[in-house]
Structures are given as structure tokens and as C-alpha cells.
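Note sheet for the following structure.
The values are calculated or read from the model by the stated rules, or taken from the named source; none is laboratory data. Given the structure is predicted, the values throughout are model-derived calculations rather than measurements. Note: ideal-geometry Cβ built from the backbone for every residue, glycine included; neighbour counts use all protein chains shown. Accessible surface areas use protein heavy atoms only, side chains included; no ligands, DNA or RNA. Shrake-Rupley method; radii C 1.70, N 1.55, O 1.52, S 1.80 Å.
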Amino acid sequence: MAIKRGVSLYSYQQEQFFGQMSWKDQIREVRENLHTDGIEIIDEAVIRDYPFPSEEFCFDFRNTMARYNMNAVTMDVYLDVHQFRDHVMTHAEAAERLKNDIRLAAKLGFKNVRPLCLVPIDVIEAALPVAEECNVRMGKEIHAPLPIFKGDKPQPTTGMAAALDFRMTEQILELADRTGSKHVGIVPDFGIFQYKPSSVAIAYTKRHTKTPEAVDFILENSANYGPDEIHQIVREKYPNHDLPLNAVDRMALHEMSANPEDLRKIIPYIVSMHGKFYEMTEIVGKPGQYEDACIDYETPMRILKEEGFDGYINSEYEGQRDQQDMGFENLPDSREQVRRHHEMLARLS
């Protein structure tokens with residue numbers, strides 16, 4: 001058994017937007033240049049006429065995957081509850097949409113669907129019979145700033161994290177154990193092992209603020225304060241700062257939101273994993289070897305190997321979003337970034 005490598009086609013969003021790569025080009029890139037077979041998609045980004053694609057599209061997708069001998073690992077679903085002009089989608093409506101997504105995933109050959117971390121647990125439970133019928137696993141995402149297990153970690157009351165329930169993993173495990181279902185689990189995102197802001201995020205934040213000195217203060221002092229305190233202190237010290245709440249949270253990052261050791265307790269529940277990264281740079285003194293300097297990959301990868309995890313880690317490149325304001329000529333090459341990420345994944349596997 002060995003850890004498997006895949007790619008979320010989200011990583012190539014930039015090339016897709018500018019017409020440099022179609023979804024077929026992206027699948028070919030993964031097979032021919034990364035020499036691996038795992039594919040993860042964003043439903044609305046790839047599936048023409050989602051959520052009700054034509055039979056022609058469904059055949060074309062399955063045929064392309066077969067042509068390159070690829071494995072449809074996970075289909076990411078979003079459940080946009082604001083998609084109707086006259087109302088916000090109810091939980092019952094969301095469950096019906098999720099059921100439809102599950103059936104669509106099965107039709108396209110996917111083994112898993114990934115609802116976002118904010119999807120309520122009752123919506124997931126309502127869709128569980130359809131997941132079992134279609135033999136498709138639902139994996140709820142565990143995304144930063146969530147921990148794997150809450151333990152004694154305080155629940156923030158300000159900032160973006162206040163909207164998240166830090167007991168999400170426990171809720172999913174309780175549902176799986178109570179129902180005895182093997183068709184519900186979790187999708188941990190490697191962003192939970194990020195321990196400092198990425199260099200591209202710092203540069204972006206400084207480009208878009210009139211108070212870069214506030215950014216420097218947060219970077220230098222956030223380790224001395226809790227997540228709620230840092231917001232208050234920055235407001236008092238820089239009353240005219242223009243940093244949004246999420247920017248303060250990003251710059252204040254100084255420790256992982258999750259303990260890598262907790263992976264040992266959830267291996268049977270992992271559907272697939274998101275290999276989040278922001279910028280792959282060459283390791284000093286090690287030509288041809290790369291790392292994301294703000295995310296701990298070595299410790300979680302070692303634990304996954306020790307526990308015999310043989311599922312997919314799908315690369316999810318997000319650093320391009322912090323550079324798209326600099327003009328087309330300065331855009332990073334997503335293909336090269338993903339290739340570097342796979343050098344690291346292969347080396348650590």
C-alpha cells in the first residue's frame with residue numbers, strides 16, 4: 001500500500017480562465033507530466049450545464065478519463081444556498097441538491113463527493129441513503145482554521161473562524177458510527193498544518209492596505225495574543241487601519257490549527273485529502289527538491305505512512321489567487337507549481 005497522488009483541477013483555474021487549458025488539457029497534464037492518475041474537480045468549473053449536464057457531456061468526460069486511464073477520485077460540491085433570487089435555500093432543498101450531486105458524481109465515475117465544511121450535518125445525513133445507493137462516499141472538508149479534534153482549543157468569537165463549529169470532525173465521526181455507514185467521512189485539508197502566513201499572502205496584503213505597518217505589527221506580535229485579542233489590539237493601535245477581518249486572521253497565523261498526531265485517529269474515515277499549497281520554492285542546498293515553506297508536510301506525511309494510509313492526496317494550488325492582481329505578465333505558472341508539489345509528494349510518500 002502507498003499514498004496515491006492526484007490533482008484538484010482547481011489548481012489550474014488561472015489557465016482555464018485565460019483559455020490556456022481546457023479540462024481535457026488539465027487531465028492530460030496530470031497523466032503525461034505528473035505521471036499519476038487521480039483527478040478531483042469543482043462541479044461548476046468543469047461540468048457544462050451543471051447541475052443538469054447533457055448525456056453528451058457525461059459521455060465525453062468518462063471517455064476522456066478512460067482515454068488517459070485516470071481515476072475519478074472526488075467531485076467537490078458547493079451547495080450555493082443563495083442561487084435563487086427569491087429565497088435562501090432551506091436545509092431540505094440543500095439535501096435534495098446534494099442527492100442530485102451524488103447521483104451526478106456516480107454517473108461521471110467519481111467515488112467521492114466533498115461538501116464544504118459549512119454544510120450542516122443534518123443535510124449530509126439526509127443525503128446518506130442516496131450515497132449508499134450510489135456507492136459514493138461523502139467527505140466533509142476539514143479546512144483551516146478548524147482543528148481535527150477540538151479538545152480544549154478555544155472557539156473564536158471574532159473573525160472568520162467564529163462562523164465555524166470546531167467540533168465538525170466529531171460530528172461526522174458520530175454520524176458514521178451511529179449509522180454504521182461507510183459512505184460518510186472527512187476530507188482533511190493540509191491547510192490545517194499551515195503554521196505561518198505564506199509569502200504571497202503577505203505581499204498581497206501589503207499591496208492592498210494603506211497601513212502596511214499594521215501587517216508588520218501582526219506578523220511580529222500575533223504569537224503573544226489569542227485570536228480574539230489580536231483583533232482588539234490592532235484596532236486600538238491602528239484605529240484607521242483598513243485590513244478586513246480575514247486579512248488580520250491570515251497575517252496573525254502562527255501555529256497549526258490541527259495536531260498532525262490526530263491523523264492517527266481518523267485514518268478509516270478519510271475519503272481523500274486536499275494537498276493545499278501556496279508557493280513551492282526550492283529547498284536551500286537541495287537542487288530539484290521543493291517545499292511550501294509555510295505548511296508542514298513532512299510530519300503529516302510521515303504519520304500517514306506509518307498508519308498505512310493508501311488514499312489520494314490531491315494537489316490544491318491556491319497561491320495564484322494572491323498574485324492575480326499584479327497583471328497577466330506577472331502570473332505564476334500553475335503547471336510548474338503543481339509539478340513541484342508532486343516532486344515533494346512523491347519524495348515524502
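Quick one: is Glu141 open to solvent by 60 Å² or more (accessible area, probe 1.4 Å) and modelled with pLDDT of 95 or more? In short, no. Could you list, in sequence order, all residues of the range 83-138 that are farther than 25 Å from Pro268 by Cβ, touching a residue at least 40 places away in the same chain (Cβ under 8 Å) and open to solvent by less than 60 Å² (accessible area, probe 1.4 Å)? If the condition is that a residue be farther than 25 Å from Pro268 by Cβ, touching a residue at least 40 places away in the same chain (Cβ under 8 Å) and open to solvent by less than 60 Å² (accessible area, probe 1.4 Å), then Arg97, Asn100, Leu104, Leu108 are the ones that fit.
Of the residues Tyr269, Tyr278, the single one that is over 16 Å from Lys196 (Cβ atoms) and either open to solvent by 10 Å² or more (accessible area, probe 1.4 Å) or hydroxyl-bearing (Ser, Thr, Tyr) (or both) is Tyr269.
Restricting attention to the range 269-290, which residues are part of a loop (DSSP other than H, G, I, E, B), touching a helix residue (DSSP H, G or I) at 6+ places or on another chain (Cβ under 8 Å) and of a type in the set (Gly, Ala, Ser)? Passing the criteria: only Gly288.
In the set (1) touching a Cys at 6+ places or on another chain (Cβ under 8 Å); (2) hydrophobic (A, V, I, L, M, F, W, C); (3) under 26 Å from Phe166 (Cα atoms); (4) part of a helix (DSSP H, G or I), the condition left unmet by Ala105 is number (3). Given the criteria closer than 20 Å to His274 by Cα and touching a helix residue (DSSP H, G or I) at 6+ places or on another chain (Cβ under 8 Å), does Asp43 qualify? Here the answer is yes, as Asp43 does meet what is asked. I'd like the residue in the range 291-313 that is assigned to a strand (DSSP E or B) and among the aliphatic types (A, V, I, L, M) and, out of all such residues, is nearest to Gly191 (Cα to Cα). Among those residues, the one meeting the criterion is Ile295. Among all residues of the range 240-254, there is none that is in contact (Cβ under 8 Å) with a residue 12 or more places away in the chain, at positive phi and out of contact with any helix residue (DSSP H, G or I) (no Cβ under 7 Å at 6 or more places or on another chain). Scanning the range 211-229 for residues that are open to solvent by 50 Å² or more (accessible area, probe 1.4 Å) and aromatic (Phe, Trp, Tyr) yields one hit, Tyr225.
Scanning the range 169-181 for residues that are closer than 21 Å to Ser257 by Cα and open to solvent by 10 Å² or more (accessible area, probe 1.4 Å) turns up Glu170, Gln171, Leu173. Among the residues of the range 26-49, those identified as in contact with a Gly (Cβ under 8 Å, 6 or more places away or on another chain) and surrounded by fewer than 22 Cβ atoms within 10 Å (Cβ to Cβ) are Thr36, Asp37. Residues of the range 1-25 that are crowded, with 22+ Cβ neighbours inside 10 Å and assigned to a helix (DSSP H, G or I): Leu9, Ser11, Tyr12. The residues in the range 198-218 that are under 24 Å from the mean Cα position of the chain (by Cα) and under 20 Å from Gln232 (Cβ atoms) can be counted, and the count is 1. Among the residues making up the range 233-251, those that are closer than 20 Å to Lys153 by Cα and either open to solvent by 20 Å² or more (accessible area, probe 1.4 Å) or outside any helix (DSSP H, G or I) (or both) are Asn246, Asp249, Arg250.
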